[in-house]
Amino acid sequence: MTFWRSLFVAASLLAAPLSLAHAQTPQTVKAKNVVLVHGAWADGSSWSEVIPILQAAGLHVTSVQNPLSSLSDSVEATKRALAEQDGPTVLVAHSWGGTVISQVGTDPKVTGLVYVAARAPDADEDFVALSKQFPTGPVRAGIVERDGYTKLSEDSFLKYFANGVKPEQARELYAVQWPTAASIFAGRTTEAAWRAKPSWYAVSKNDYTINPDLERFLAKRMNATTVELDAGHLSLVSHPKEVANLILEAAGYPRS
């Protein structure tokens, strides 16, 4: 009797850590929807290479036309898009759009956050000050401001913002770049959704807009599942399959 009792206790002790480990492993919730948020000096068409891949996998995809007039306006536009989603949703952002999803991503519908060469501010963080701890990219010299709104010069856009993108495609993107309020870059969030939601991050190793080391810092800080791409800032255009695969992973779908 003593032998069998000892064997049972030993087996129980061995099983307990395994059960605990399994319980602590984060499980990706399968999403039905993906909401995409573009960044500064762009519009919703910047996701046009990624969208068909996600749709082919069976996801319902919405690309927000981010007004870029203020942080609050951009947050409201994304909230409206999120309100239209039926069920679990992955929020994805490029560049400055990461500020928006960090604010909006606390919504209960949101099951995961994907940052593509994106900002990821903490709540009430001075992101401008944080950025200054890293070398400034050459794209900054091409910012042209008029009446409180900014655009990138053609040379800066093609050479630094869209580096790695096919020249003809880069010129099309330059033609549709959306004016961006100068004030939005200093805007602060009241939330940091990545502190509570599973997060993924695509670092652009050849980024001349957001320093790649800043991107790595942000990804590490949020404990994100991270990939590094041999891409410039517009990896969603130059490397759509890799970006889409990261989104599919976040949504609980097999890679394409």
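The values are calculated or read from the model by the stated rules, or taken from the named source; none is laboratory data. This structure is a prediction, so every number in the text was calculated from the model and none was measured. Cβ: placed from backbone, ideal geometry, glycine included. Neighbour counts: every protein chain shown. These area figures cover heavy atoms from the full protein model, side chains too; ligands, DNA and RNA do not enter into them. Shrake-Rupley method; radii C 1.70, N 1.55, O 1.52, S 1.80 Å.
Quick look at the numbers
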read-out: ³J(HN,Hα), Karplus 6.51/-1.76/1.60, whole Hz, each residue of region 100-117, x for Gly, Pro; value: 5, 6, 5, 7, 7, x, 6, 4, x, 5, 7, 9, x, 10, 10, 10, 10, 6
read-out: Given LYS32/LYS197; LYS30/LYS197; LYS79/LYS166; LYS205/LYS241; LYS30/LYS241, the pairs whose alpha carbons are separated by over 24 Å; value: LYS79/LYS166
read-out: Degrees, to the nearest 10: 71-83 long Cα axis against longest axis of the chain; value: 50
read-out: C-alpha long axis of helix 212-221 to longest principal axis of the chain, angle in °; value: 30
read-out: Extension gain (nm, one decimal) between ILE143 and ALA186, 0.36 nm per residue minus Cα-Cα; value: 13.9 nm
read-out: Reachable lysines, given that their alpha-carbon falls under 17 Å from the alpha-carbon of LYS132 and they are not under 8 places away in the same chain; value: none
read-out: Tilt relative to the chain, helix 2-24 - C-alpha long axis, 0 to 90 degrees, to 10; value: 10
read-out: Residue-normalised accessible area of region 33-251, expressed per residue, 1.4 Å probe, Å²; value: 40
read-out: For THR189, distant residues with modelled amide H under 5 Å away; value: ASP124, GLU125
read-out: Approximate spin-label separation ASN211-SER72, in nm, with each point projected 7 Å along Cα-to-Cβ; value: 3.2
read-out: Label selected from (i) 14.8; (ii) 13.6; (iii) 16.4, the criterion being mean projected area of the Cα convex hull in nm² as computed here; value: (iii)
read-out: Value of [θ]222 nm, deg cm²/dmol, for the chain, DSSP H segments ≥ 4, -39500 (n - 2.57) each, nearest 500; value: -10500 deg cm²/dmol
